[in-house]
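The values are calculated or read from the model by the stated rules, or taken from the named source; none is laboratory data. Source: prediction; values computed, not measured. All Cβ positions, even for glycine, are placed from backbone atoms using ideal geometry, and neighbour counts span all protein chains on display. Ligands, DNA and RNA are stripped out before the accessible areas are found, and what is left, the full protein with its side chains, is counted by its heavy atoms. Shrake-Rupley method; radii C 1.70, N 1.55, O 1.52, S 1.80 Å.
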Amino acid sequence: MSRLFGTGWEMGHTGCMVNLGPDIVATNARTGTYALRVDANNEYAYRNLGADYTELFARVAFRPSQAMRAYPRSIIAFLNSEAESMLSVGLPNNALTLTAYRVSNSRNSWTALAAGNTLLLNTWYVIELHITQPADSGGVFQVKLDGNMDIDFTGDTLGGNTPANFRYVYVG
């Protein structure tokens, strides 16, 4: 296992591509000086991994700070080489329950695979993920919350999008 990239937004830039301008802010940072603030619809930062992967480990610090929307919101999402959403960890409609999703039809269909703990507003959490190649059966989707296993799903993680690989990581 090797680290493909790491960023804590510490240099005052994302180190990733951004869409619709999530802000780099010096307030409410978890550690260090800066944080990435995603506070509007369709704001996100993403990274092209540069190759197709069938297994990933990821970690992101997250601080929910406002009421949720009337539709699922992604915290971190994994897309295939065709830029189609495959798997996501996020929050369901109007709730703060950490949830693992299988996404299909190019982001239009979200299927909740498993739910974890309910989060508190204005509290920092570290979310760690282990995902394997999306599959009709036997796909692994594990989520640790602050170092403790919160979601441990094995089963159908293939939402119908192909190819079944990971190429992009989206935050927000």
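Can you say whether Ile131 is part of a strand (DSSP E or B), closer than 15 Å to Met86 by Cα and under 15 Å from the mean Cα position of the chain (by Cα), as far as the supplied structure shows?
Details: part of a strand (DSSP E or B): yes; closer than 15 Å to Met86 by Cα: yes; under 15 Å from the mean Cα position of the chain (by Cα): yes.
Answer is yes for this residue.
Yes or no, residue by residue, for (1) touching a helix residue (DSSP H, G or I) at 6+ places or on another chain (Cβ under 9 Å); (2) open to solvent by 40 Å² or more (accessible area, probe 1.4 Å); (3) at pLDDT 85 or above; (4) on the phi < 0 side of the Ramachandran plot:
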{"residue": "Ala51", "(1), (2), (3), (4)": "no, no, yes, yes"}
{"residue": "Glu55", "(1), (2), (3), (4)": "no, yes, yes, yes"}
{"residue": "Ala70", "(1), (2), (3), (4)": "no, yes, no, yes"}
{"residue": "Ala77", "(1), (2), (3), (4)": "no, no, yes, yes"}
{"residue": "Trp110", "(1), (2), (3), (4)": "no, yes, yes, yes"}
{"residue": "Thr123", "(1), (2), (3), (4)": "no, yes, yes, yes"}
{"residue": "His130", "(1), (2), (3), (4)": "no, no, yes, yes"}
{"residue": "Ala135", "(1), (2), (3), (4)": "no, no, yes, yes"}
{"residue": "Val143", "(1), (2), (3), (4)": "no, no, yes, yes"}
